[in-house]
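What follows is a single structure, written as structure tokens, with notes after it.
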Amino acid sequence: MSIVPPTYDQLMHFTRRHFMGTTGLGLGAMALSHLTGPSHGAGVLGSPHFSGKVKRVIYLFQAGGPSHLETFDDKPLLRQQNGKPLPKEIIGNQRLSTMSGNQSLLPMAGSFTGFKKYGQHGMEVSDILPYTAKIADEICVIRTMHTEAINHDPAITFFCSGNQIPGRPSMGAWASYGLGSMNQNLPSFIVLVSKNASRDQPLYSRLWGSGFLPSEHQGVQFRSGKEPVLYLTNPEGVSPHIRRQMLDALGKINRDQAAAELDPEVTARIAQAEMAFRMQTSVPDVTNISGESQATLEMYGADVRTPGTYAANCLLARRLIERDVRFVQLFHQGWDQHGNCPGGISRQCKQTDQASAALVMDLKQRGLLDDTLVVWGGEFGRTAYSQGKMTANDYGRDHHPRCFSIWLAGAGVKAGMTHGMTDEYGYNILDGAVHVHDLHATMLHLMGVEHEKLVYKFQGRYFRLTDIAGHIVKPILTWPTPTASTHLQRADCDSDLCSRAHSPRQIHHRSQNPHNPLLPAPHEACLLPAKHLYAPLHIRDPSTCQPPHARCVLYRECRPTIAHADLEHLADDDPKSLPCHCFRCRHDNSTHSSTRYPKDAEYAARDRQQKQKRPLIKQWPELDPLGNRVLSLRPSHPIGVQWLFHRSILAPHPRAYRFRRSSFYRKNGFIRLVPRHRISG
């Protein structure tokens with residue numbers, strides 16, 4: 001008798017046994033997750049460095065380089081001197097592209113469109129951006145952006161990854177790596193590319209890649225059509241139950257491989273497979289816009305009903321933000337107007353203007369703009385002179401990295417503000433220059449991340465999004481920048497991490513490697529919540545302090561940092577009289593502690609008696625091959641090392657001894673001080 005395999009319908013049939021089993025497991029999993037917290041999605045920082053205003057970012061990247069002279073930076077002088085050569089002193093020794101650098105004449109080209117002032121602050125906006133003009137009180141225009149690249153590919157790569165050379169992680173990948181995901185069913189970094197844009201310049205997937213970061217942080221591209229994410233749906237004949245069993249078996253194999261090879265990419269592969277399984281239900285839900293109101297659809301324009309258009313992608317970006325996706329980046333090509341600038345840029349603005357403004361207003365109506373940052377802009381600007389043949393109704397503009405305009409809107413950004421000033425030709429920056437690294441640093445700052453501390457070690461070097469540059473653009477921020485004066489002063493914290501960070505060796509290493517996260521500065525790695533431990537001694541209120549010394553943080557093994565000035569006041573023959581410099585020990589030895597907490601003084605006296613029973617210095621019984629004496633020191637008293645050198649026990653050669661840890665140390669708890677061979681007697 002042959003066995004008939006179950007059909008797909010039979011596998012999908014939900015029985016009472018299935019219901020009881022899945023319900024019980026589901027309730028147990030919910031209870032466990034409530035007790036232990038989320039197990040996936042946490043970033044490497046754990047939590048932001050400080051409380052930031054922004055939780056999510058939408059970057060509307062206009063690939064090709066929109067002309068700032070036709071959008072946000074009006075220059076009447078160019079209209080007055082239209083067709084005249086641009087003065088050479090304005091260009092100076094600046095680099096020109098090969099497309100216009102060989103022209104015998106560089107005629108100035110005035111903008112074909114007019115400008116008007118909008119909003120309470122009189123922001124100048126072009127007539128070809130009527131919808132953006134309506135949100136003038138919601139955006140902050142930066143007229144003085146500048147970059148280093150003059151060609152499209154390195155310029156776009158520079159904006160997306162902080163470096164012109166391909167291979168670095170993208171800014172969305174950095175945000176995912178540092179802060180993690182807020183939604184376990186969707187990727188933390190999603191990319192949308194407009195299908196109705198002119199494909200004048202190519203876009204590469206490395207622009208949203210993870211570089212040398214774990215691959216789980218790379219951007220996931222959503223496409224138009226029946227299948228928004230490639231290879232997400234199950235093949236014909238594969239049921240969800242079979243897919244789940246396949247993933248479980250594959251996960252077991254990958255975990256065994258990860259344990260054997262210790263390759264983080266194997267762990268990333270497991271996380272991506274599990275994410276893809278969850279996205280089989282979350283992606284159809286987020287891409288279904290049938291529940292949107294008619295008023296919302298009309299606000300985005302007629303193209304919103306066509307999947308893959310810029311308007312549809314803007315609406316999809318809002319729906320992704322609602323579901324706590326960390327970083328959404330839209331790419332719209334077609335802004336490269338080397339010729340026919342009036343017709344080309346008018347067509348681009350018609351495709352993007354209404355949807356961009358609708359996105360900002362939609363976010364504001366739903367309260368999402370309070371913790372979301374929206375950025376609009378391209379990779380560079382356009383020249384003040386015309387490229388190629390210039391006519392009365394037609395002109396083109398070449399690439400111009402020296403100055404261009406972008407705008408930001410949302411949390412932490414001053415609304416209705418225009419930052420920076422360019423010269424009367426729109427060619428050079430006069431005041432308020434903002435570099436690409438400065439923009440990245442400001443975006444991370446708004447997200448609560450110090451850009452100099454979000455680093456990743458790769459091939460022996462610590463990399464970051466802002467490389468070795470970047471300054472926060474403080475004039476455009478609505479809230480004060482955290483400084484040393486606003487941070488808690490954690491002067492005498494007694495945690496083990498802070499004690500190690502105070503050591504001279506760590507201080508030297510930090511001076512040589514200031515961006516190494518494995519060398520934390522004092523108190524940066526400390527997580528002690530007690531406020532009195534963070535305040536300096538002269539402003540600390542003893543009445544609010546917790547009883548100290550009930551048990552030392554290091555459990556009787558305090559490791560203070562003793563300066564040489566402190567050693568001058570000690571007895572010559574009593575190294576054990578050195579006081580511990582952690583706050584709790586000093587507080588315990590004080591009169592205040594003896595009267596307010598007499599029990600703590602008793603504990604401290606008992607601990608000192610026990611420590612006195614342990615020999616601090618031990619004479620080694622044998623001699624080294626050169627006949628020198630060998631000393632050993634108990635590592636629980638590192639102050640004894642300083643006492644030895646300071647009290648001239650090893651004089652007149654304080655560097656004549658070196659440490660040696662051997663099996664004897666592990667067995668008996670002593671460190672051998674072995675003399676160097678150049679010293680004898």
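The values are calculated or read from the model by the stated rules, or taken from the named source; none is laboratory data. Here the structure is a predicted model, which is why all the values come from computation and not from measurement. No Cβ is skipped: glycine too gets one built from the backbone with ideal geometry, and neighbour counts run over all protein chains shown. Accessible surface is based on the protein model in full, side chains and every heavy atom, while ligands, DNA and RNA are left aside. Shrake-Rupley method; radii C 1.70, N 1.55, O 1.52, S 1.80 Å.
A few points about this structure:
- Filter result for residue 51 (in contact (Cβ under 8 Å) with a residue 12 or more places away in the chain and surrounded by fewer than 17 Cβ atoms within 10 Å (Cβ to Cβ)): yes
- Residue satisfying condition, being outside any loop (DSSP other than H, G, I, E, B), out of contact with any Leu (no Cβ under 6 Å at 6 or more places or on another chain) and over 30 Å from residue 93 (Cβ atoms), within set 430, 408: 408
- Of 274, 298, all but one fail to be within 28 Å of the chain's Cα centre (by Cα) and among the charged types (D, E, K, R); the exception is 274.
- Residue match in segment 345-353 (condition: under 24 Å from the mean Cα position of the chain (by Cα) and within 30 Å of residue 285 (Cβ to Cβ)): no
- Among the residues examined, residue 313 does not qualify as out of contact with any helix residue (DSSP H, G or I) (no Cβ under 7 Å at 6 or more places or on another chain), at pLDDT below 95 and closer than 30 Å to residue 401 by Cα.
- Scanning segment 285-296 for residues that are open to solvent by less than 60 Å² (accessible area, probe 1.4 Å) and either charged (D, E, K, R) or not in a helix (DSSP H, G or I) (or both) gives 289, 292, 293.
- Positions within segment 92-108 being modelled with pLDDT of 90 or more and aliphatic (A, V, I, L, M), in sequence order: 106, 108
- Residue match in segment 307-317 (condition: in contact (Cβ under 8 Å) with a residue 12 or more places away in the chain, of a type in the set (S, T, N, Q) and at positive phi): no
- Picking from residues in segment 172-196 that are of a type outside the set (S, T, N, Q) and open to solvent by 10 Å² or more (accessible area, probe 1.4 Å), the one that is farthest from the chain's Cα centre (by Cα) is 195.
- Boolean, residue 299 is of a type in the set (A, V, I, L, M, F, W, C), more than 16 Å from residue 221 (Cα to Cα), crowded, with 17+ Cβ neighbours inside 10 Å and modelled with pLDDT of 85 or more: yes
- Checking each residue in segment 252-270 for being surrounded by 16 or more Cβ atoms within 10 Å (Cβ to Cβ) and of a type in the set (A, V, I, L, M, F, W, C) picks out 258, 266, 268, 270.
- Residue satisfying all of: in segment 348-375; touching a Phe, Trp or Tyr at 6+ places or on another chain (Cβ under 7 Å), open to solvent by less than 10 Å² (accessible area, probe 1.4 Å) and of a type outside the set (D, E, K, R); farthest from residue 322 (Cα to Cα) among these: 348
- Some residue of segment 229-236 being open to solvent by less than 60 Å² (accessible area, probe 1.4 Å), within 25 Å of residue 156 (Cα to Cα), touching a Phe, Trp or Tyr at 6+ places or on another chain (Cβ under 7 Å) and modelled with pLDDT under 90: yes
Residues checked against (1) open to solvent by 10 Å² or more (accessible area, probe 1.4 Å); (2) of a type outside the set (Lys, Arg); (3) without any contact (Cβ under 8 Å) to a residue 40 or more places away in the chain:
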{"site": "380", "(1), (2), (3)": "no, yes, no"}
{"site": "391", "(1), (2), (3)": "yes, yes, yes"}
{"site": "395", "(1), (2), (3)": "yes, yes, no"}
{"site": "398", "(1), (2), (3)": "no, yes, no"}
{"site": "406", "(1), (2), (3)": "no, yes, no"}
{"site": "416", "(1), (2), (3)": "no, yes, no"}
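- Filtered residues of segment 75-113 (kept if of a type in the set (A, V, I, L, M) and over 43 Å from the mean Cα position of the chain (by Cα)): 105
- Residues that are open to solvent by 10 Å² or more (accessible area, probe 1.4 Å) and either farther than 24 Å from residue 199 by Cβ or hydrophobic (A, V, I, L, M, F, W, C) (or both), drawn from segment 316-347: 316, 319, 322, 323, 324, 326
- Here residue 275 passes the criteria (1) without any contact (Cβ under 8 Å) to a residue 40 or more places away in the chain; (2) in a helix (DSSP H, G or I); (3) not acidic (Asp, Glu) except the one numbered (1).
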